[in-house]
Each structure stands twice: as C-alpha cells, then as structure tokens.
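> This is the structure I want to talk about, given as structure tokens.
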Amino acid sequence: MGIVSHSYLTARKVPKSTFTYSSPVASLVPSDNSQLTSDSQHLGESEAMNESSGNAGSTYLVWRTLVDMSCEWISVDQYVILATDYISELTLSTWVYLLATSALLLLAVKYIVMPINWVKDLSEVGYDCMLENGISAGRRRGKSKRELVKEIRHQRQVGTLPPVYPNGWFVLLESDDLRAGQVKHVAALGENFAIFRTQEGVAHVLNAYCPHLGANMGVGGSVHGDCLECPFHSWRFSGVDGKCTSISYSEKVPEFARVKKWTSYEVNSFIFIWFHAENEEPTWYPEPIQPIQEKKWVYRGRNEFYVNSHIQEIPENGGDVAHLAAVHGPSIFNGSDLRLGQRLLWSFTHHEWVAKWDPNTEPGKTHTATMLLKHEIRFFNKISLIGMDVRAEQIGPSYVELHMETSFGKMILLQCITPLEPMLQKVVHRLYCPPLLYLYGSIVIWGESIMFERDVMVWNHKTYIEKPLLVREDRNIARHRRWYSQFYTEHSPRFTFQKESLDW
C-alpha cells in the first residue's frame with residue numbers, strides 16, 4: 001500500500017475520521033495529539049497567509065507539503081482525497097502559471113534537448129515579398145500560396161545555364177531514413193531510384209522500374225535477402241548486380257533479365273550514388289569522418305530546404321566572398337527576410353566575416369576545394385564575442401564538410417545537394433558535435449538555418465548570367481566556375497533537353 005505524509009493531512013483540515021484506516025500501515029499514524037496540535041498551528045498560519053496575500057498562501061501550503069513529505073505517512077487513498085481538494089481550490093491565475101510553465105518545458109525539450117528538424121517547403125522561403133506586391137495580390141483570390149509561387153517560377157528568366165546534372169556523388173537519402181527491410185523511391189538527376197536496405201543493414205540502389213512491365217519497385221516492393229521483389233509479378237532482382245534471381249511463376253529466368261544497379265556508398269550518415277553522364281566508374285569517394293562513423297559525436301539536428309535554382313549556384317557561394325557582408329552581416333536576430341536586415345532594434349550587433357577560397361591542386365584531390373572562414377559577432381562595432389573558424393571542404397559538385405572551431409569546441413556541419421529537377425534542389429545540413437556541446441549544437445544549427453534561408457531568398461529569384469560583370473575583388477567567382485566545370489562532360493544533360501516540371 002502506498003503511503004503519504006501525515007503532516008499534509010493536518011495542514012489540509014482532513015476530518016479526524018479520515019485517520020481511521022484499517023491497514024498494515026495503520027501503525028504509522030500518530031497516536032497522540034502532539035503532531036496534530038503542531039500542524040494545527042501551521043494551518044492557522046497558512047490560512048492567515050491565504051487571506052492576506054491570495055496565491056502566496058497557496059504557495060506556502062505547497063511548500064509545506066513538499067517539505068513534510070519526509071515526515072510520517074498515511075495511505076494513498078487518503079492522499080487522493082487531499083489532492084482532489086487542493087486542485088479544486090487552485091485559482092485561475094495559478095492554472096495559467098502551471099500551463100505556461102508546462103508549455104515552456106515542452107518547448108525546451110523540443111528545441112534544446114531533442115535534435116532540431118528544420119524543414120521548409122519551396123513556397124515557405126523568399127516568396128512573401130513577391131506575393132505582397134500589387135500584381136500578385138490582385139491574382140491571389142481563390143489561389144493558394146503554392147499556386148502563386150508556381151506562377152512566379154514560370155515567369156522567371158533562368159538565364160543560359162550550364163549542364164543541369166554534373167558528374168559525381170549525390171545523396172539520395174539520409175541513413176536514418178531507411179530502416180532494415182525498407183524500400184523507398186527517390187526521383188532525382190532525371191532518374192528514378194529504388195533504394196532498399198537488407199536485414200544485415202546493407203543499402204542497395206536499383207533502377208526503380210521493373211524491366212518486365214514497368215512497375216515501380218520502390219513503391220510496394222519488398223526485400224528478400226539481398227534482393228528486391230517487384231510488387232506486380234514478384235520478380236526478384238539482386239541488389240549486388242541487378243540480375244533477376246527468380247520469377248515466381250516461371251521455372252527459368254532469362255540470362256538477360258536485369259535492372260540497372262547504381263553504384264552506391266553509405267558514409268557519414270548519407271546514402272550516396274555515383275552519377276556520370278559518360279558511365280565512367282568512380283574516381284574518388286567521400287571519406288569517412290571518424291567521430292561520426294564511430295558515434296563519438298552526437299547528432300544535434302538537421303535542416304532541409306528546397307531551392308529554385310541551378311545546382312551550381314549553391315556551391316558558388318564559396319567563391320563569392322563579397323556576399324557575406326551584404327547577406328550575412330546583419331544580426332541573426334533580424335531573421336531570414338533580407339528586407340528586415342537593417343532593423344534598428346538589432347543595429348548594435350552584426351556579424352563580421354573574413355574568407356578565402358582556393359581549389360585543391362594536389363594530384364587525386366582536384367575534385368576538392370577549400371574555403372577558410374573566420375566569423376565574429378561584434379557589438380557596437382567594438383566588442384567581439386563568440387568567434388568561429390570554419391574550414392569548408394567542397395568535395396565534388398554536391399557535398400560539403402564544414403569543420404568548425406567554435407569558442408566552446410569543435411563540431412562539424414555536413415551539406416548535401418540533390419538535384420530533384422534541373423531548377424529544383426533539395427539541400428540538407430546535418431550537425432554533429434561532442435556530447436559536452438550538446439546544447440550549443442542546437443544554437444548553431446538554429447543560426448545556420450536562418451543564415452541559409454537568406455541565401456535561399458536570393459537563389460529563388462536570381463537569373464544565371466553566363467558571363468557576369470565582375471570586378472577585381474570578384475576574381476574567386478571566375479576561379480570557382482572554372483574549377484566546377486570539371487564536373488561536366490560532353491553528354492551531361494542540359495536544360496534545353498529537359499522537360500522541367502514546376503509541380504512540387
């Protein structure tokens with residue numbers, strides 16, 4: 001039988017008959033009146049406080065209850081009577097206080113304790129300014145925001161674009177999005193992929209469409225050993241080489257029955273596939289990051305954005321040093337809307353950036369480039385606080401590792417870009433840090449999300465200028481374009497030969 005404080009009973013004026021309880025713990029109830037007398041004095045003090053100070057008295061009673069819990073004990077049944085009585089006497093203001101406190105605790109758990117998951121649809125970033133102008137406002141009647149954004153995308157001049165899908169490694173899924181025995185369909189790079197994981201934990205990527213009658217094996221398919229079974233007629237294809245291993249209703253499997261097997265590689269919490277317009281084999285691989293692979297660092301959150309731009313626009317920011325002051329100089333507390341970048345409220349603080357970008361000329365490393373970035377938050381243009389040194393390693397056309405030395409320790413941010421369409425990119429960032437930086441990691445991914453949204457606002461509306469007007473200080477932009485051109489080859493798909501879908 002559970003037991004509770006006897007002193008709490010006396011403080012709440014429980015009738016004497018309540019103490020008559022036939023149970024094995026009855027001996028715990030005091031037999032004399034000394035405790036009752038003492039508690040009656042406390043009761044008088046409490047009632048006086050209630051009369052004179054309202055909620056202050058209730059607070060006192062709660063405090064006495066907590067303190068007296070270590071005293072003598074009674075049954076749980078008796079305590080339920082007291083708890084019900086106490087709750088019924090709570091004032092409206094006390095209830096509001098309790099609810100507000102509970103809400104704050106839940107928010108703390110969500111945004112500080114739990115990893116952040118910051119996801120924005122294409123229509124959620126950078127289009128408010130367009131929807132608020134007179135023309136769009138006049139057309140808005142009866143249309144959703146997504147429909148209006150679709151119209152704006154149609155009107156945009158995209159410019160003369162480079163090939164839309166460069167050669168290299170591209171992320172199709174994050175590792176924790178694919179469980180053992182699970183199958184998923186992903187459309188990207190002008191292809192359709194069926195990604196599945198065996199019960200042993202190995203991820204495989206096949207062409208999604210069954211060569212039999214064209215069913216999408218990524219939708220309704222099932223995993224059997226290292227094979228993927230088509231949901232339409234139960235043909236099974238090996239994830240190792242794409243060969244058909246069995247047909248449920250046929251004794252013989254044709255030798256030529258196979259589906260394309262994509263070269264895949266799972267590392268650093270991502271599932272990559274190798275895409276090459278000339279069907280060449282991989283010449284380099286993303287390297288494992290040991291603190292992540294060995295789970296010595298903790299995962300602190302991610303963000304996910306959909307950007308209306310060519311893929312090259314996003315990594316080109318690495319060579320565009322001048323944009324840092326304009327776009328990322330205003331205080332983080334101004335938010336992501338560039339129209340609010342100079343709000344007076346936060347004018348006393350700003351971000352300062354010093355950056356340097358260089359391609360790697362070392363043999364076997366020419367597919368990489370490095371940006372060294374020094375960041376400080378300054379107050380009143382004099383006091384410098386919370387510095388950060390970043391070494392951003394661009395590895396191929398779509399993957400970046402940002403190694404950060406913060407004022408409190410090291411952490412790493414991973415960026416991957418997946419071209420869903422010629423002018424639609426999915427961008428994901430994932431942050432990892434040592435366990436001691438658990439809380440600070442949440443702040444960093446929050447700040448990075450806001451800063452990245454500022455870039456998205458620009459990318460969603462800009463046109464690509466093949467021969468831009470550059471000044472001497474912009475020379476790294478030209479260098480970056482020359483470096484990035486190595487990922488295009490003769491048969492790289494071009495925008496003019498793509499049928500772009502503007503539905504999303």
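> Could you give the alpha-carbon Rg of the range 210-338 over 2.2 N^0.38 Å, rounded to two decimals?
Here the answer is 1.58, to two decimals.
> Please rank 129, 244, 230, fewest neighbouring Cβ atoms within 10 Å first, as an exposure proxy.
Exposure proxy ranking, most exposed first: 129, 244, 230.
> Quick one: which residues, 5+ away or cross-chain, put their amide H under 5 Å from the amide H of residue 258? H built at 1.01 Å from N.
Those qualifying (amide H under 5 Å, at least 5 residues apart or on another chain) are 244.
> I need the phi-derived Karplus couplings for the range 413-420: 6.51 cos²θ - 1.76 cosθ + 1.60, θ = phi - 60°, integer Hz, Gly and Pro marked x.
With coefficients 6.51, -1.76 and 1.60, one gets 10, 9, 10, 9, 10, 10, x, 7 Hz.
> Next question, about the same structure. From the phi angles alone, apply the Karplus equation (6.51, -1.76, 1.60; θ = phi - 60°) to the range 434-448 and give each ³J(HN,Hα) in whole Hz, x where the residue is Gly or Pro.
After applying 6.51 cos²θ - 1.76 cosθ + 1.60, I find x, x, 5, 9, 3, 6, 5, x, 5, 5, 5, 5, 5, x, 5 Hz.
> Over the range 168-275, what relative contact order in percent results from Cα pairs under 8 Å that are six or more residues apart?
About 27 percent, as a whole number.
> Run the reach check for residue 382 against aspartates and glutamates, Cα to Cα strictly under 14 Å, same-chain hits fewer than 8 apart removed. What comes back?
By straight Cα distance, residue 382 reaches 352.
> For labels at residue 407 and residue 280 in the simple 7 Å Cα→Cβ model, what's the distance in nm?
My value for the distance between the label points is 4.7 nm.
> Based on other C-beta atoms within 10 Å, arrange 80, 158 from fewest to most.
80, 158
> Could I ask something else about it? Check which residues have an amide H placed less than 5 Å from residue 360's amide H, if you skip close sequence neighbours.
Those qualifying (amide H under 5 Å, at least 5 residues apart or on another chain) are 368, 369, 370.
> Reported to two decimal places, what Rg/Rh ratio describes the range 168-275 when computed on Cα atoms with Rh from the Kirkwood expression?
0.95
Coordinate-derived values only; no laboratory data. Remember, predicted model here, so these are calculated numbers, not experimental data. Here the Cβ is made from the backbone with ideal geometry for all residues, glycine too, and neighbour counts use every protein chain on show.
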